[in-house]
Amino acid sequence: MLSAFSRVSRRQNTDLGVYCSHETWMAERRHHARCRPAKTGVKDAPVRTEAAMSGSGPRKCLVVGVCVLIAGLVVPAGGVAAQPAVAGSDGAGNNIHAGAPFATDQALNLTTNLTVAGTPLPDGGSVTTADNPRLAMNVTSNATIEVISVRINDNTRRSYVPNATAFNESTRLDLDAGTHDLTTVVRTADGTTTYTGTITEDPNAPLVTFEAPMSAGFVGPDNEYEPLGNNYTVNQATVTLEGTIQDQSAVEYMEITRYYNYRPGINGLPDSKADAKREIEIPDPGDSFSRELRLGPGRPSVGSGVNRLQIEVADEYGNVRQYHTQIAVKDTAAPEINVLDRRPVATRSAVEVTAEVTDSVGISSISVRDGPVTGAGQNVLFTQRQPLRRPFSETVTTTVPILDGTKAITLIATDQANHRTTRELAVNYSELVTPAIQFDNSLTGTAGAQRVQAVGRVYDGQISRVRVESLTPDGETIDINSVYSGGVTENVSFQELLDAEAYPAAVRVRVLDVTGTEHTKTIELSQSEPVDEVVVEGAGTETETAGGEGDQADRTTLRNIESSPAVSPGTADQSGPLGTLTGLVSEYALPIVGLLVVVILLLVVQQRRG
């Protein structure tokens with residue numbers, strides 16, 4: 001009976017769909033544990049005792065828990081690094097990345113390499129070439145290649161019958177300008193594969209559309225192409241040549257050459273005899289361009305002054321196009337004179353005048369005349385004879401001696417077209433050195449029972465000395481302070497506290513200019529509420545007593561609030577014990593789970609053994 005019970009038998013567990021030994025099946029029913037499937041056609045597995053079955057499950061789970069614990073300690077918080085994505089696979093473990101310059105049919109063991117004018121053409125790709133490109137084919141297969149058909153726009157151009165496992169051929173496609181669909185059909189003994197691509201033939205040079213200073217190219221109402229004209233006229237010597245470039249391939253360069261003749265009667269000479277030549281090269285301009293050009297002024301009276309332009313543009317295949325035109329600069333406006341400053345010269349009775357002259361074509365000369373416009377004679381301040389070097393803006397300074405009273409001077413400016421502008425100035429030396437005196441009425445007043453305060457400034461003059469004094473009602477001096485007594489200056493501020501005997505009192509400011517002339521200004525003060533006192537703590541330092549500690553307290557509070565750390569809406573304070581515990585649980589969640597599994601399973605095993 002015992003041997004019969006121990007004999008290994010095979011019984012099918014219909015619930016699990018696997019084969020188990022008799023004892024294992026009985027143990028399984030008692031413990032509700034799934035047994036290992038028994039393979040058909042092999043000997044029965046040894047009988048597992050009830051004790052073994054009762055301990056195998058917890059042991060396995062114990063191992064799983066330990067693995068989870070180790071994984072939680074080893075794997076970083078960021079997780080496992082992501083592996084780089086692969087475009088595809090050939091089914092045999094070989095990765096095929098996007099953009100490979102070949103086509104492979106894994107099912108037919110067929111590889112096709114196509115190049116157009118030396119450029120690889122992948123299946124479904126495109127390529128741009130010059131005129132009449134050459135197509136090179138390299139086809140390999142495990143099976144015999146029976147037919148290869150090359151089609152352009154669905155018309156068969158080439159057909160081959162290799163009857164071999166490898167095929168190499170190079171041929172001209174005889175394409176017209178434009179974009180064409182290329183189809184290559186390859187038939188082998190195992191099947192047929194079709195490859196496609198696009199070829200753009202670009203035998204034409206780039207086309208330029210000019211947008212400024214002339215309009216030509218694709219600028220018509222229906223986007224029609226209007227050719228570049230032979231002659232254009234502008235009214236300024238600086239222009240911006242700009243526009244767009246159209247081509248089916250990449251534009252290699254753009255070169256702008258300007259020729260200018262300003263000597264009489266040589267407009268018909270070759271470019272090499274031009275008086276001035278400038279070249280501007282723009283490598284890889286893309287689809288647009290913008291460059292500033294300096295043009296020479298026109299001289300119709302002597303038959304010269306023409307700017308001839310040559311614009312050359314080429315694409316990457318050596319297709320070159322040239323444009324030629326002429327631009328004349330017609331000067332229609334006279335120069336403008338703007339007086340910037342009139343400043344007295346402190347060392348002598350003279351005035352320094354600074355002026356700016358502007359012209360859109362170029363300034364030829366600037367002069368000054370010691371007298372009115374109707375006078376005679378002039379002193380040249382600036383001149384330029386070379387037309388392309390004449391400035392559009394020039395600043396000049398001249399010193400005019402003045403012995404007494406007011407004197408008239410005249411500024412004269414001329415441009416290339418001999419347009420002349422005059423500007424007459426009335427200059428008075430005394431007016432320029434006389435300062436202005438100003439009191440600050442809000443801060444000037446009584447500062448106590450026998451004190452007055454004077455605040456203000458002296459400006460707009462040539463100042464050599466400033467003093468402030470307090471006066472009795474009879475005009476006698478009570479107190480006097482020296483504010484400034486250095487060299488010549490143009491601006492002096494004062495804020496002085498002075499003694500006063502009785503009210504009404506007065507404050508007087510005395511200013512000496514560079515000519516030795518003294519200028520004064522007096523203000524009378526009556527008994528009233530003291531004004532806000534300005535306490536002089538040092539040279540150039542002042543402190544207002546208004547405001548008090550309350551303002552400082554407000555500023556301190558605001559500063560403390562602004563320096564507090566920002567708290568995001570909906571975010572709890574992480575500085576307390578609960579925040580610390582939450583952070584630890586978040587960081588070590590996986591190790592904690594593994595540890596709990598290990599502890600629980602150890603308790604289960606201990607209970608079973610007990």
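The values are calculated or read from the model by the stated rules, or taken from the named source; none is laboratory data. Because the structure is a prediction, the values reported are computed rather than measured. Counting neighbours? That spans all protein chains shown, and the Cβs are built from the backbone with ideal geometry, glycine included. Surface areas here come from the heavy atoms of the whole protein model, side chains and all, with no ligands, DNA or RNA. Shrake-Rupley method; radii C 1.70, N 1.55, O 1.52, S 1.80 Å.
Of everything in segment 428-450 that's part of a loop (DSSP other than H, G, I, E, B) and of a type outside the set (S, T, N, Q), which residue is farthest from Leu497 (Cα to Cα)? Write out each step before concluding.
Of segment 428-450, the ones part of a loop (DSSP other than H, G, I, E, B) are 434-435, 440-444, 449-450.
Right, trim to of a type outside the set (S, T, N, Q) and you get 435, 440, 443, 449.
Details: Pro435: 23, Asp440: 14, Leu443: 11, Ala449: 13 Å.
The qualifying residue farthest from Leu497 (Cα to Cα) is Pro435.
Please tell me if Arg451 is basic (Lys, Arg), open to solvent by 10 Å² or more (accessible area, probe 1.4 Å) and more than 16 Å from Leu525 (Cβ to Cβ).
It is false that Arg451 is basic (Lys, Arg), open to solvent by 10 Å² or more (accessible area, probe 1.4 Å) and more than 16 Å from Leu525 (Cβ to Cβ).
Tell me, please, whether a residue that is on the phi < 0 side of the Ramachandran plot and either in contact with a Lys or Arg (Cβ under 6 Å, 6 or more places away or on another chain) or open to solvent by 80 Å² or more (accessible area, probe 1.4 Å) (or both) can be found in segment 193-203.
Taking every residue of segment 193-203 in turn, none turns out to be on the phi < 0 side of the Ramachandran plot and either in contact with a Lys or Arg (Cβ under 6 Å, 6 or more places away or on another chain) or open to solvent by 80 Å² or more (accessible area, probe 1.4 Å) (or both).
Among the residues of segment 233-253, which ones are closer than 12 Å to Ala205 by Cα and outside any loop (DSSP other than H, G, I, E, B)?
Ile245, Gln246, Val251, Glu252, Tyr253
Kindly establish whether Thr383 is within 15 Å of Glu424 (Cα to Cα) and outside the structural domain of Glu252 (by the TED database). First the steps, then the outcome.
Working: within 15 Å of Glu424 (Cα to Cα): no; outside the structural domain of Glu252 (by the TED database): yes.
So Thr383 does not fit the description; no.
Run Asn481 past the list (1) more than 30 Å from Glu352 (Cβ to Cβ); (2) polar (S, T, N, Q); (3) touching a residue at least 24 places away in the same chain (Cβ under 8 Å) and report the number of the one that doesn't hold.
(3)
Just to be sure I understand, how many residues within segment 311-344 are in a loop (DSSP other than H, G, I, E, B) and either surrounded by fewer than 17 Cβ atoms within 10 Å (Cβ to Cβ) or of a type in the set (Val, Ile, Thr) (or both)?
Qualifying residue count, segment 311-344: 6.
Can you tell me which residues in segment 454-484 are open to solvent by less than 40 Å² (accessible area, probe 1.4 Å), modelled with pLDDT under 90 and under 25 Å from Asp341 (Cα atoms)?
Gly461, Gln462
Which of the numbered conditions does Thr422 fail, given that it passes all the others? Conditions: (1) under 25 Å from Pro297 (Cβ atoms); (2) in contact with an Asp or Glu (Cβ under 9 Å, 6 or more places away or on another chain); (3) open to solvent by 20 Å² or more (accessible area, probe 1.4 Å).
Among (1) under 25 Å from Pro297 (Cβ atoms); (2) in contact with an Asp or Glu (Cβ under 9 Å, 6 or more places away or on another chain); (3) open to solvent by 20 Å² or more (accessible area, probe 1.4 Å), the lone unmet condition for Thr422 is (2).
Which of (1) of a type in the set (A, V, I, L, M, F, W, C); (2) over 28 Å from Gln416 (Cβ atoms); (3) out of contact with any Leu (no Cβ under 9 Å at 6 or more places or on another chain); (4) not assigned by the TED database to the domain that holds Pro387 is the odd one out, the single condition Val306 does not satisfy?
(2)
In the set Leu135, Leu182, which member is closer than 22 Å to Gln248 by Cα, in contact with a Ser or Thr (Cβ under 6 Å, 6 or more places away or on another chain) and in a strand (DSSP E or B)? Give the steps one after another, and end with the answer.
On the way: Leu182 fails: in contact with a Ser or Thr (Cβ under 6 Å, 6 or more places away or on another chain).
Leu135 is the lone residue from the list that is closer than 22 Å to Gln248 by Cα, in contact with a Ser or Thr (Cβ under 6 Å, 6 or more places away or on another chain) and in a strand (DSSP E or B).
For segment 156-177, which positions are assigned to a loop (DSSP other than H, G, I, E, B), more than 52 Å from the chain's Cα centre (by Cα) and of a type outside the set (Val, Ile, Thr)?
At the first step, the residues of segment 156-177 found to be assigned to a loop (DSSP other than H, G, I, E, B) are 161-163, 173-177.
The next check asks that each one be more than 52 Å from the chain's Cα centre (by Cα); those that pass are 161-163.
Once the filter is applied, which keeps residues that are assigned to a loop (DSSP other than H, G, I, E, B), more than 52 Å from the chain's Cα centre (by Cα) and of a type outside the set (Val, Ile, Thr), segment 156-177 yields Pro162, Asn163.
Just to verify a result, which residue in segment 159-176, among those that are open to solvent by 60 Å² or more (accessible area, probe 1.4 Å) and without any contact (Cβ under 8 Å) to a residue 40 or more places away in the chain, is nearest to Thr128 (Cα to Cα)?
Among residues in segment 159-176 that are open to solvent by 60 Å² or more (accessible area, probe 1.4 Å) and without any contact (Cβ under 8 Å) to a residue 40 or more places away in the chain, the one nearest to Thr128 (Cα to Cα) is Asp176.
Any idea which of (1) closer than 29 Å to Gln246 by Cα; (2) open to solvent by 70 Å² or more (accessible area, probe 1.4 Å) is the one His180 doesn't satisfy?
Condition not satisfied by His180: (2).
Assuming Val400 fulfils every condition listed in (1) open to solvent by 20 Å² or more (accessible area, probe 1.4 Å); (2) in a strand (DSSP E or B) apart from one, which condition is it?
Going through (1) open to solvent by 20 Å² or more (accessible area, probe 1.4 Å); (2) in a strand (DSSP E or B) one by one, Val400 breaks only (1).
Picking from Val351, Val373, which residue would you name as being over 18 Å from Leu241 (Cβ atoms), open to solvent by less than 10 Å² (accessible area, probe 1.4 Å) and more than 46 Å from the chain's Cα centre (by Cα)?
Result: Val351 is the single residue among Val351, Val373 that is over 18 Å from Leu241 (Cβ atoms), open to solvent by less than 10 Å² (accessible area, probe 1.4 Å) and more than 46 Å from the chain's Cα centre (by Cα).
Across segment 211-229, what is the number of residues that are of a type in the set (Ser, Thr, Tyr) and over 32 Å from the mean Cα position of the chain (by Cα)? Give the steps one after another, and end with the answer.
First pass over segment 211-229, keeping only residues of a type in the set (Ser, Thr, Tyr): 215, 225.
Now drop any that are not over 32 Å from the mean Cα position of the chain (by Cα), which leaves 225.
Total satisfying the criteria: 1.
If a residue has to be among the aliphatic types (A, V, I, L, M) and touching a Gly at 6+ places or on another chain (Cβ under 7 Å) to count, how many in segment 215-238 make the cut?
Taking segment 215-238 first, the residues among the aliphatic types (A, V, I, L, M) are 216, 219, 228, 234, 237.
If we keep only those that are touching a Gly at 6+ places or on another chain (Cβ under 7 Å) too, we end up with 216, 237.
Here the count works out to 2.
(1) touching a strand residue (DSSP E or B) at 6+ places or on another chain (Cβ under 7 Å); (2) under 23 Å from Arg263 (Cα atoms): which one isn't true of Pro387, the others all being true?
(1)
Hey, among the residues in segment 485-505 that are assigned to a strand (DSSP E or B) and open to solvent by less than 50 Å² (accessible area, probe 1.4 Å), which one's modelled with the lowest pLDDT? Show your work before the answer.
Let us first name the residues in segment 485-505 that are assigned to a strand (DSSP E or B), namely 489-499, 505.
Filter once more, keeping what is open to solvent by less than 50 Å² (accessible area, probe 1.4 Å): 489, 492, 494-498, 505.
Values: Thr489: 90, Val492: 95, Phe494: 96, Gln495: 94, Glu496: 94, Leu497: 93, Leu498: 93, Ala505: 85.
So the residue we want is Ala505.
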